[in-house]
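Taking it in order: structure first as structure tokens, then the write-up.
Laboratory data are not the source of any read-out in this text; all were calculated from the coordinates shown. This one's a predicted model, so the numbers in the text were calculated from it and none came from an experiment. Here the Cβ positions follow ideal geometry from the backbone for every residue, glycine too, while neighbour counts run over all protein chains shown.
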């Protein structure tokens, strides 16, 4: 019975990790930008959900529809006005730039929202349900379903839509995409906007589950990073696979070796992957 | 074009930075006259930032009161107080550098220690080297004080003074409790408290069925909580800081974990813990070094506990907790010691601190030979009806223990 509980915990947590990582993975894969603002976008999304719930009593399920366009616009503008200027520079330049932007956004949040921890508590609370002898909180379950839905939508967008095909084309071969008439700067901006929108939506979902504070942004960023390396860059299924693997290792490790070793295990796994399978679980070799 | 634009910015920033440094160096010694400068290295940014805010509130309240009264009286001459803050970004090695910088570059007269036991201990090597009297507002672990240092004093009693009274109350009033599970943040103070708890539980005949640590920055605790739930302990004892405890309490509710007694240190003393958790905070027990319900009539600048609480509420519109109170106390103690010494000579003030035996708004203050306070009875309390209710010590007791946390 405890094994069932561990497995279900891991499945739920893994989907949430995937949701945290997917926007990060998209931006890294398509733009080759390690987007360090990602964690702060998630936190900003969480504050948006918290604010809407406190002031308008708008449930986080609807807050997603506010967050997605808002964050898309924010990401699009940041890419168009700032990041596109240095996009062709070595990766260290874009890394430094997003690091700086992250400092600004994170400290602005500390300034305006203070560093106090807040919690979005739904009233009445959603409670928990029993599945096959294991207890699962309903809010996590809904967040998981939403996370999977968002992931599916992104998958469809990349596969079926014109703009999605253009994003994939730029990712695979930038020069060939230009020759085919793709306007690369706008594709970059759309991809970054999508990444930001996914981060914002992830933030809305995380608001239900984790305490909210600007200081948690680095924890989200760290998870996103590990998930991307484990799963492989730029692909939807990679983020999902990486998230599930990470959660599974953490849950099993923390049950049998104690919670203090869960982090050790996940980073050990990261190192093993970097050495033996740098392209990740579902990534393709030599994709760069 | 874009690469050269960045390069130009980088080139420009070097002379600008040098200019800023030079300006800082000139501004430094200008204000040395008739001012007592106390350095305060704090984690103003990073994960411990909320704690730094509390420390600052305490220090600032004291400095404001001291300056309002004309300053500190040193042998008939009044000195204004200035607190020099530096940010060590919640990074302990940087706390050591920041402390050294305060002494050698900012020329502070005295120091408030860095936050918490770990950073205070690390930075105390520097203050000891320069023989700068240092008051630690938030360092409770004995390991901070057993280094044989002469210049370090602390206002928190050892960790076992929190866990022992709590264990005694549970043993006397909840006979059903047999099995205890302990989950601790793997960090100097939370871990030390958990180890004291384990010791005091065993001494009182409880069985410790689970004792595990979780890493700093752990996001999700479901696996550890599932393991605890499977053992069905009657007492669940968790240590950590506000964010950890909020998350753990929420996940306990999610996993439908119930127990006659749930204790958490050190979150529940903070109002934001109660606000964030709402009903789930009910009946959680805790202990802290100070509580606003205490009633002491002090000889320090704040006078009575009630007066301190009133001044604090006027300035910050919120109820003070033990962290803020201890910070303010450290300022008040420096003032008492400087006035007693009649000098700002570091060695004389150090001796005055060592020989203090005085009642303050925080309680009676007397330091042991190792520099740690040994004159306080920290209160045990429980969240009841959204408010902390004191259960111990007898003199300030406000209510009875309620059993059952859902």
>> Give the average, rounded to an integer, of partner chain Cβ atoms located within 10 angstrom of each Cβ in A:117-123.
In response: 6
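Mind checking A:206-212 for the average number of partner chain beta-carbons within 10 Å of each residue's beta-carbon? Don't skip to the end; give the middle numbers.
Details: counts 1, 0, 1, 6, 7, 11, 3.
That works out to 4 on average.
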> Within 10 Å of each Cβ of A:124-135, how many other protein chain Cβ atoms are there on average?
Replying inline: 2
> In degrees between 0 and 90, to the nearest 10, how far off the longest principal axis of chain A does helix A:236-256 point, with axes built from Cα atoms?
Replying inline: 30
>> How long are the semi-axes of the equivalent ellipsoid of segment B:242-378, defined as square roots of 5 times the Cα gyration tensor eigenvalues? Whole Å, largest first.
In response: 36, 16, 12
>> Between helix B:92-104 and chain B, what is the angle of the helix's C-alpha long axis to the longest principal axis, kept within 0 to 90° and rounded to the nearest 10?
In response: 30
>> For the protein assembly as shown, what does the helix formula give at 222 nm: sum of -39500 (n - 2.57) over DSSP H segments with n ≥ 4, over the residue count, nearest 500 deg cm²/dmol?
In response: -18500 deg cm²/dmol
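Compute the semi-axes of the equivalent ellipsoid of chain B, taking the square root of 5 times each eigenvalue of the Cα gyration tensor, and list them largest first in whole Å.
38, 27, 19
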> Expressed as a whole percent, how much of the Cα-Cα distance distribution for segment B:318-406 exceeds 14 Å?
Replying inline: 72
> Which residue, A:128, A:237, A:260, has the most motion in a Gaussian network model of chain A that connects Cα atoms within less than 10 Å?
Replying inline: A:260
>> I need two numbers for segment A:112-200: Rg to one decimal and Dmax as a whole number, Cα atoms only, in Å.
In response: 19.7, 57
> Could you give the alpha-carbon Rg of segment A:202-283 over 2.2 N^0.38 Å, rounded to two decimals?
Replying inline: 1.13
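Calculate the FRET efficiency for residue A:161 and residue A:82 from the Cβ-Cβ distance with a Förster distance of 30 Å, rounded to the nearest 0.05.
E(calc), rounded to 0.05, equals 0.70.
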>> Let me see the P(r) profile for segment A:88-129: every Cα-Cα distance counted, bins of 10 Å, each bin given as a percent of all pairs.
In response: 22, 25, 22, 19, 10, 1
> What is the Cα convex hull volume of the protein assembly as shown when expressed per residue in Å³?
Replying inline: 160
> By how many degrees, 0 to 90 and rounded to 10, does the Cα axis of helix A:217-231 deviate from the longest principal axis of chain A?
Replying inline: 70
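Tell me the volume per residue, in Å³, of the convex hull enclosing the alpha carbons of segment A:23-217.
Details: hull volume 24.9 nm³, N = 195.
About 128 Å³ per residue, rounded to a whole number.
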> Taking the Cα atoms of segment B:167-267, what is the range of coordinates along each of the three principal axes, in descending order and whole Å?
Replying inline: 35, 30, 20
>> Can you report the principal axis dimensions of segment B:165-213 using only the alpha carbons, biggest first, rounded to whole angstrom?
In response: 31, 20, 14
> How high is the FRET efficiency from residue A:264 to residue A:131, r the C-beta distance, R0 35 Å, rounded to 0.05?
Replying inline: 0.70
